[in-house]
Amino acid sequence: MRRPTVSVRGTPARATGLLLAALLLLVAVVLSVSVGSRSIPIADVWSLVVHRDDSEASLIVHEVRLPRTVLGLLVGAGLGLAGALLQALTRNPLADPGLLGVTYGAAAAVVVAVALLGPVAPALQVWFAILGAGAATAVVYVVAGGSRATPVRLALAGIAMTFALYAVVRGATILDRSALERYRFWQVGSLSGQDPDRVLQMAPFLAVGIVLALLLARPLNALALGDEAGRALGLRAGATRTTTIVAATLLAGAATAAAGPLAFVGLVVPHVARILAGPDHRWSLPYALVLAPALLLLADVVGRVVASPQELRVSIVISLIGGPVFILLVRRRGVPRL
Amino acid sequence: MSVVPDLARRRGRRPRRPGADGPRALVVGVALGVVATLLVVVSVATGEFSIPLRDVVDALLGGGDRSTSYIVETLRLPRAVCALLVGAALGTAGGIFQRVTRNPLGSPDVVGLTSGAAAGAVAQIVFVDGGDTAAIALAALVGGAGTAVVVWLLALRGSDLVAGARLVLIGVGLSFVLIALTEWMLTRTTLQTAAQANVWITGSLNARGWENAVPVAIALAVLLPGAVLLERRLRVLELGEQVAVGLGLGVRRAQGLLLLVAVGLASVAVSTTGPVLFVALAAPQIARRIAGTSVPTPVLSALTGAVLLLGADVLSQRVFGAERIPVGVVTGALGGTYLLWLLVSERRAGRV
């Protein structure tokens with residue numbers, strides 16, 4: 001089949017692009033600390049972050065804006081990388097971080113725990129979510145055939161598991177009011193109003209996931225050539241698949257546990273990264289790692305400004321702005337092969 | 001973009017005649033028909049008032065007392081028929097979407113149809129009139145089909161065949177915009193209106209009558225034969241663009257016709273019940289696996305979709321009590337676990 005030509009740039013161009021993306025991320029971080037119902041001059045951001053005092057501005061920065069910004073950074077990075085890993089693994093452009101049952105595994109664990117055990121402390125809730133995400137993914141992996149799983153079987157097993165768990169979540173929330181109460185706020189997917197402790201709880205999971213993901217770039221490149229060609233290049237296909245799934249589950253599970261499901265970032269940013277950086281994972285994974293939190297934070301900032309003094313939810317903003325831009329990119333630049 | 005799972009297995013084989021998938025497919029088709037009939041009987045005869053089978057038959061033939069014939073002909077039968085028809089339409093459409101985009105996760109969502117229909121219906125409920133069910137259905141139809149056309153036009157490029165990946169990604173991009181618009185509309189209205197819109201978005205067979213069944217019946221009567229007629233071209237198309245062109249197929253036109261059939265079926269179905277989750281995605285995959293065919297054929301996908309949706313409706317009404325659990329949730333539970341089980345047994349049988 002003829003494919004739209006995708007220009008593959010040289011290393012200098014791709015490095016420059018990555019640098020620009022990193023600058024964009026820096027701008028997003030500064031704006032995220034500065035902009036809000038009480039705005040803080042950009043010039044003061046740095047000194048306020050470094051020197052904590054008793055002023056109102058310092059209180060806002062350290063109690064509200066910084067935790068929210070760090071959460072956005074971590075969640076964005078987690079979802080962007082997890083989506084990129086799963087798209088590479090299943091070679092399916094529709095793959096998102098929730099594909100292997102992570103999102104609803106986490107949701108089902110939280111909802112069932114609340115329904116059976118009564119109110120669960122927020123600190124425990126994160127653990128339930130991560131355990132649920134891990135368990136769901138593990139079952140999907142085994143059902144799909146373990147280390148011999150094909151991309152198609154992984155995708156199908158994941159989507160079947162997702163819908164079965166979705167039914168569990170909906171059933172439990174219809175039958176149990178307290179579960180609904182918990183789930184209602186979690187499922188919105190938001191960076192605001194989250195417990196600052198969650199950021200600390202999820203950080204280790206994300207750190208391990210990010211390191212694993214970046215180490216996987218080269219094996220995933222080999223895997224993209226197919227199992228046999230990959231083997232000739234010294235690839236251990238089964239081990240690569242297993243590691244990819246572990247990394248994606250850590251990243252998506254921790255991000256989802258902390259901020260709820262955020263659909264757009266994990267599905268679309270990896271495509272944008274590939275359109276900009278080409279199909280080489282050594283470039284597209286770092287691009288996704290930097291672009292995803294930048295977009296998430298910028299959308300969050302826009303949401304605070306446009307509906308001021310109220311806030312427009314980050315998921316709405318990111319889809320309304322990101323959707324058309326994404327369509328334009330796909331039309332202009334074509335889709336690199338997965 | 002991924003290749004069809006068993007392309008390697010099929011490679012070198014000539015495209016088979018439609019319906020020539022062997023005796024197993026025929027047996028499965030007949031069995032699905034029997035199950036569908038049984039489900040209709042169960043659905044009509046049981047409920048808050050059980051009706052003996054003889055009275056059901058009487059009522060259907062025009063006899064019986066008035067209350068029985070009211071329950072059978074006005075309440076239960078139209079609902080069961082709606083479930084069968086909508087399930088069949090979604091199953092057929094899903095199969096075509098999956099094969100044209102070469103993606104087993106394909107469904108009407110990939111051309112933004114479901115989110116377009118939801119946006120149309122919610123706009124009608126929120127801004128115009130939530131009481132007019134016919135207008136809601138029309139708004140959903142226009143929203144769904146219109147979105148699909150826009151996605152197709154955006155995905156066109158030169159005179160090429162529209163690549164599956166480009167279609168899917170543009171559909172995804174537009175879907176996100178429409179979902180965000182729908183959510184925004186829901187925040188602009190009263191709680192009561194939002195709740196009503198939410199019921200529509202979840203998909204429901206409640207209070208569906210003959211007037212709802214007729215449009216789906218017409219769409220199926222016209223488009224299902226269309227899908228069967230196009231089956232041969234679809235099989236050629238699945239061999240790859242260059243092979244298909246070499247065999248003299250007008251690829252762009254064939255692809256356009258196939259998508260037209262699928263969009264027609266799916267948008268009428270979705271406008272009838274709202275987007276019922278998972279039927280379009282699961283039915284073709286289940287059909288392919290139980291019938292042992294290389295690709296999901298239109299008729300088997302239709303039958304599987306019909307059984308899945310009616311079975312889920314009967315289950316949700318009889319087990320959980322009327323109207324408590326939306327049918328889309330039960331299709332997820334039924335279809336999801338069954339598909340998982342099929343995948344496991346396939347692996348055991350060594351047909352991975």
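The values are calculated or read from the model by the stated rules, or taken from the named source; none is laboratory data. Bear in mind that the values here come from a model prediction, so they are computed numbers and not experimental data. Because the Cβ atoms are built from the backbone with ideal geometry, glycine has one as well, and the counts that use them run over all protein chains shown.
Pairs linking a residue in region B:85-110 that is over 16 Å from B:ALA227 (Cα atoms) and touching a residue at least 40 places away in the same chain (Cβ under 8 Å) to a residue that is of a type in the set (Ser, Thr, Tyr) and not in a helix (DSSP H, G or I), with Cβ atoms under 8 Å and 6 or more positions apart or on different chains, are B:ARG102/B:SER2; B:ASN103/B:SER2; B:VAL110/B:THR101.
Among the residues of region B:253-275, none qualifies, meaning not one is over 17 Å from B:ALA93 (Cβ atoms), within 13 Å of chain A (Cβ to nearest Cβ) and surrounded by fewer than 24 Cβ atoms within 10 Å (Cβ to Cβ). If you go through region B:105-129 and pick out every residue that is closer than 30 Å to A:PRO151 by Cα and either crowded, with 24+ Cβ neighbours inside 10 Å or more than 13 Å from chain A (Cβ to nearest Cβ) (or both), you end up with 11. Return yes when A:ALA95 is within 14 Å of chain B (Cβ to nearest Cβ), crowded, with 19+ Cβ neighbours inside 10 Å, modelled with pLDDT of 85 or more and not in a helix (DSSP H, G or I) and no when it is not. Yes; evaluated as a whole, the condition is true for this residue. Of the set (1) modelled with pLDDT under 85; (2) part of a helix (DSSP H, G or I); (3) surrounded by fewer than 17 Cβ atoms within 10 Å (Cβ to Cβ), all apply to B:ARG13 but (2). Is it the case, given these coordinates, that B:LEU169 is within 14 Å of another protein chain (Cβ to nearest Cβ), under 30 Å from B:ARG102 (Cβ atoms), out of contact with any Cys (no Cβ under 6 Å at 6 or more places or on another chain) and touching a residue at least 12 places away in the same chain (Cβ under 8 Å)? Criteria not met by B:LEU169.
Residues in region A:119-150 that are within 14 Å of chain B (Cβ to nearest Cβ), assigned to a helix (DSSP H, G or I) and either surrounded by 22 or more Cβ atoms within 10 Å (Cβ to Cβ) or among the β-branched types (Val, Ile, Thr) (or both): A:ALA136, A:THR137, A:VAL139, A:VAL140, A:TYR141, A:VAL142, A:VAL143.
Filter region A:151-163 down to the residues that are buried (at least 24 other Cβ atoms within 10 Å of the Cβ) and facing chain B (nearest Cβ under 7 Å) and list them by number. A:ALA155, A:LEU156, A:ALA157, A:ILE159, A:ALA160, A:MET161, A:PHE163, listed by residue number. Selection of region B:190-208 for residues being among the small types (Gly, Ala, Ser) and surrounded by fewer than 16 Cβ atoms within 10 Å (Cβ to Cβ) yields B:ALA195, B:ALA207.
Comparison of B:THR68, B:THR74, B:THR92 shows that the only residue that is within 19 Å of B:THR297 (Cβ to Cβ), among the β-branched types (Val, Ile, Thr) and more than 14 Å from chain A (Cβ to nearest Cβ) is B:THR92. If the condition is being over 22 Å from A:ALA273 (Cα atoms) and in contact (Cβ under 8 Å) with a residue 12 or more places away in the chain, then region A:205-235 contributes A:PHE205, A:GLY234, A:LEU235. Taking the stated definitions as given, is A:ILE210 farther than 28 Å from A:VAL317 by Cβ and more than 14 Å from every other protein chain (Cβ to nearest Cβ)? Spelling it out, it is not the case that A:ILE210 is farther than 28 Å from A:VAL317 by Cβ and more than 14 Å from every other protein chain (Cβ to nearest Cβ). Among the residues of region B:311-327, are any modelled with pLDDT of 85 or more, within 13 Å of chain A (Cβ to nearest Cβ), crowded, with 19+ Cβ neighbours inside 10 Å and within 13 Å of the chain's Cα centre (by Cα)? No, there is no match, as no residue in region B:311-327 is modelled with pLDDT of 85 or more, within 13 Å of chain A (Cβ to nearest Cβ), crowded, with 19+ Cβ neighbours inside 10 Å and within 13 Å of the chain's Cα centre (by Cα). Filtering region B:140-165 to residues that are touching a residue at least 60 places away in the same chain (Cβ under 8 Å), surrounded by 19 or more Cβ atoms within 10 Å (Cβ to Cβ) and away from every other protein chain (no Cβ under 14 Å) leaves B:ALA140, B:LEU141, B:GLY144, B:ALA145, B:ALA148. Scanning region B:333-352 for residues that are of a type outside the set (D, E, K, R) and modelled with pLDDT under 85 yields B:SER345, B:ALA349, B:GLY350, B:VAL352. Those residues that are closer than 28 Å to B:TRP210 by Cβ, at pLDDT 90 or above and hydrophobic (A, V, I, L, M, F, W, C), I need them from region B:127-155; list them, please. Selection gives B:ALA135, B:ILE136, B:ALA137, B:LEU138, B:ALA139, B:ALA140, B:LEU141, B:VAL142, B:ALA145, B:ALA148. Where helices (runs of 4 or more DSSP H) fall entirely within region B:37-118, those with at least 1 residues that are within 30 Å of B:VAL151 (Cα to Cα) are at B:77-100.
Does A:VAL317 satisfy the criteria of being closer than 24 Å to A:LEU71 by Cβ and within 10 Å of another protein chain (Cβ to nearest Cβ)? Yes, satisfied. A residue that is touching a Pro at 6+ places or on another chain (Cβ under 7 Å) and within 23 Å of A:ASN221 (Cα to Cα) can be found somewhere in region A:287-310.
Of all residues in region B:276-293, those satisfying the criterion of being within 13 Å of chain A (Cβ to nearest Cβ) and within 20 Å of B:VAL28 (Cβ to Cβ) are B:VAL279, B:ALA280, B:LEU281, B:ALA282, B:ALA283, B:PRO284, B:GLN285, B:ILE286, B:ARG288, B:ARG289. Filtering region B:277-298 to residues that are outside any helix (DSSP H, G or I) and within 13 Å of the chain's Cα centre (by Cα) leaves B:LEU277, B:PHE278. The combined condition, being over 26 Å from B:GLN285 (Cβ atoms), within 14 Å of chain B (Cβ to nearest Cβ) and surrounded by fewer than 21 Cβ atoms within 10 Å (Cβ to Cβ), is fulfilled by A:ARG177. Which residue, of A:THR90, A:THR103, is polar (S, T, N, Q) and closer than 30 Å to A:LEU26 by Cβ? Exactly one of A:THR90, A:THR103 is polar (S, T, N, Q) and closer than 30 Å to A:LEU26 by Cβ, namely A:THR103. Listed by position, the helices (runs of 4 or more DSSP H) contained in region A:183-248 that have at least 2 residues being modelled with pLDDT of 85 or more, surrounded by fewer than 16 Cβ atoms within 10 Å (Cβ to Cβ) and not small (Gly, Ala, Ser) are A:196-215.
Counting only helices (runs of 4 or more DSSP H) that fall entirely inside region B:172-264 and contain at least 1 residues that are modelled with pLDDT under 85, the qualifying elements are B:191-202, B:241-246. Assess whether B:VAL72 counts as being touching a helix residue (DSSP H, G or I) at 6+ places or on another chain (Cβ under 9 Å) and modelled with pLDDT of 90 or more. No: the conditions fail for B:VAL72. Exactly one residue out of A:LEU296, A:LEU262, A:LEU285, A:LEU329 is in contact (Cβ under 8 Å) with a residue 12 or more places away in the chain and surrounded by fewer than 21 Cβ atoms within 10 Å (Cβ to Cβ), and it is A:LEU329.
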